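Below is one structure, written out as structure tokens, with a few remarks after it.
The values are calculated or read from the model by the stated rules, or taken from the named source; none is laboratory data. Here the structure is a predicted model, which is why all the values come from computation and not from measurement. Glycine gets a Cβ as well: all are built from the backbone with ideal geometry, and neighbour counts include every protein chain shown.
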Amino acid sequence: MKLSLRLRTVCEEIEPCGVFADVGCDHGYCAEYALGQGLCGRCYISDVSAASLAKAEKLLSAYIRAGTVQSFCCAGLELVPRDAEQVLIAGMGGEEIIGILKAGFLPERLILQPMKNSPKLRAYLLENGYALTRDYTFFDGKFYDLICARKGGAARGYDARSLLFGYDNLHTPTRDFIAYLEAEAEKCRVQERAAGARVSKIEERLALLTEALHEAERNI
Ligand SMILES: C[S@@+](CC[C@H](N)C(=O)[O-])C[C@H]1O[C@@H](n2cnc3c(N)ncnc32)[C@H](O)[C@@H]1O
């Protein structure tokens, strides 16, 4: 299976481990990648939708027959055994991911690709003993955030701006992040033109984006 740039970017963050879990696996491509690349000894796949899980079960049927993959139709981590060391949750909202972790358990390592509310997710992870080891934005038709976290890992200094935009984006910025800031600033300008007046909330957002752009440009 040829992975999209988004899925390839997510999958390239998977580290070698004993037990890997893909929560909200849908098609099962990430589990297939982890197994195919020899990155895990065993793998759990889960999805709240039986129809989605069935796609992954079909793709991974040989691994399931061999006992290398176990599948669980459940919400989040509800039925996923706690020996999963590395858990991937991609394509869900940040608040939904927080809900899944709160209701489930906190694995050693997380690979998260939230669709929104990344600042809330960063704050939750930091408050719950994780170091955010990778935290950046990439572009594949639209902008995505990717956050990798390790329990008790070496902490990096998160200030308010890193919480908002992602540590790596500010300290080792990429062209994708600069493009993200420019696109967000343009959205603000369009909103203000439509409003026909200066709107304080939009002005505040523009100021944050401009400060982030200056910090990123200093570090590029
Ligand atoms: C947008 S798809 C993302 C699929 C895949 N992870 C990816 O990144 O391409 C979201 C998947 O998560 C599943 N899902 C949504 N909420 C869930 C939850 N609370 N627990 C488990 N699966 C969930 C959906 O059924 C769907 O298959």
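Quick look at the values:
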quantity	calculated
Given (1) more than 9 Å from the ligand (Cβ to nearest atom); (2) surrounded by 22 or more Cβ atoms within 10 Å (Cβ to Cβ), index of the condition residue 108 fails	(2)
Test for residue 116: is it within 15 Å of the ligand (Cβ to nearest atom), free of Cβ contacts under 8 Å to residues at least 40 places away in the same chain and surrounded by fewer than 19 Cβ atoms within 10 Å (Cβ to Cβ)	yes
Positions within region 162-198 being buried (at least 16 other Cβ atoms within 10 Å of the Cβ), more than 21 Å from residue 142 (Cβ to Cβ) and of a type in the set (A, V, I, L, M), in sequence order	163
Filtered residues of region 97-116 (kept if touching a Gly at 6+ places or on another chain (Cβ under 6 Å) and under 24 Å from residue 8 (Cβ atoms))	100, 114, 115, 116
Test: residue in region 197-209 that is modelled with pLDDT of 95 or more, under 21 Å from the mean Cα position of the chain (by Cα), outside the structural domain of residue 119 (by TED's automatic domain parsing) and in a helix (DSSP H, G or I)	no
Unique match (being more than 25 Å from residue 86 (Cβ to Cβ), within 22 Å of the chain's Cα centre (by Cα) and in the same structural domain as residue 18 (by TED's automatic domain parsing)) among 151, 142	142
Residue that is assigned to a helix (DSSP H, G or I) and either modelled with pLDDT under 95 or among the aromatic types (Phe, Trp, Tyr) (or both), where the choices are 192, 184	192
Subset tally (residues that are away from the ligand (no atom under 13 Å from the Cβ), among the small types (Gly, Ala, Ser) and assigned to a strand (DSSP E or B)) for region 1-42	2
Sole residue being closer than 25 Å to residue 166 by Cα and crowded, with 19+ Cβ neighbours inside 10 Å, chosen from 59, 88, 5	88
Top-ranked residue of region 122-175 - restricted to ones that are touching a Leu at 6+ places or on another chain (Cβ under 7 Å) and polar (S, T, N, Q), ranked as farthest from residue 215 (Cα to Cα)	128
